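Engineer: Take this structure, written in structure tokens, and hold onto it; I'll ask about it next.
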Amino acid sequence: MKTPMRLLLSQYPRSGRLDWIGLRPARHAPIDKPTAAAVNATGLVGDRYAGRSGKRAVTLIQAEHLPVIAALMGHPRIDPAITRRNLVVSGINLYALRGERFRVGDVLLEGTGTCDPCSFMEQSLGIGGYNAMRGHGGIIAQVLEPGWMNIGDPVVAELEDATS
């Protein structure tokens, strides 16, 4: 039987949506922006981090946080590529998916932690970019089941059995 807190943590108001995909072919290289991506056991095919093992196979950022970062920086908007994340997701709270399993298209991911900003944000966003991204950097995830994802795919939490 689920505890009352576990029940609260397992309920989402709606599914999310994959809005943007970014592949980082090399350090500081321009981001490739495909409309679909293959995901293997270690990350997005074509991304410089794919092929490495670990819990940081995929990086995700909340679409709703991009205007916040822009406002904190005094910019009218921010191109998601500047954040150097793989996926931009809207409509579901990514922080609620830390420690949880969720699907993006065919791919089953597990949120493994926060995606804290790096010092490169000072260069890409400008002075204060690191602090503007703190608390808004998104999450990291590991791949549990490879597959394909396409822009527009739903982002859905994998819910446990209600009696668990």
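Engineer: Which value, in debye to the nearest 20, gives the size of the charge dipole of region 1-68 about its Cα centre, when Lys and Arg are +1 and Asp and Glu are -1 at the Cβ?
Structural biologist: With only Lys, Arg, Asp and Glu charged at Cβ, the dipole is about 280 debye.
Engineer: Separate question: To check you understand DSSP bridge types, tell me what percent of the beta bridges within region 86-164 (both residues inside) are antiparallel, rounded to 5. It would help to have the intermediate numbers written out before the result.
Structural biologist: Values: 13 of 14 bridges.
About 95 percent, rounded to the nearest 5.
Engineer: Another question, if that's okay. How high is the relative contact order of region 11-88? Use alpha-carbon pairs under 8 Å, at least six apart in sequence, and give a whole percent.
Structural biologist: The value is 32 percent.
Engineer: May I ask you to compute the full-extension gain from Arg77 to Asp32, defined as 0.36 nm times their residue separation minus their alpha-carbon distance, rounded to one decimal in nm?
Structural biologist: Contour length minus the Cα-Cα distance gives 14.3 nm.
Engineer: Among Val107, Met5, Asn86, which residue has its Cα positioned farthest towards the positive end of the charge dipole of the chain, with +1 placed on the Cβ of Lys and Arg, -1 on the Cβ of Asp and Glu, and the dipole taken about the Cα centre?
Structural biologist: Going by the Cα projections, it comes out as Asn86.
Engineer: Here's something else I'd like to know. Can you pull a Stokes-Einstein diffusion coefficient for region 70-164 at 10 °C (1.306 mPa s), Rh from Kirkwood over Cα pairs, as a whole number of µm²/s?
Structural biologist: 108
Engineer: Now, a different point. Of Phe120, Pro67, Pro146, which is farthest towards the positive pole of region 37-164's charge dipole, taken about the Cα centre with +1 and -1 on the beta-carbons of Lys, Arg and Asp, Glu respectively?
Structural biologist: Value: Phe120.
Engineer: List the relative contact order of region 1-138 as a percent without decimals, with contacts defined as Cα pairs under 8 Å and 6+ residues apart.
Structural biologist: In percent, rounded to a whole number, it is 24.
Engineer: Given points 7 Å out from each Cα along the Cα-Cβ axis, report the Leu159 to Asn40 separation in nanometres with one decimal.
Structural biologist: 3.6
Engineer: Please get the size of the charge dipole for region 43-164, origin at its Cα centre, with Cβ charges of +1 on Lys and Arg and -1 on Asp and Glu, quoted in debye to the nearest 20.
Structural biologist: It works out to roughly 460 debye.
Engineer: Is it possible to state the helix-based mean residue ellipticity at 222 nm for the chain, with each DSSP H run of 4+ residues giving -39500 (n - 2.57), the sum divided by total residues, to the nearest 500 deg cm²/dmol? What is it?
Structural biologist: Theoretical 222 nm ellipticity from helices: -3500 deg cm²/dmol.
Every number here is computed from the coordinates shown, using simple stated rules; none is lab data. Computed from a predicted structure; not experimentally measured. Ideal geometry is used to build each Cβ from the backbone, glycine not excepted, and the neighbour counts take in all protein chains shown.
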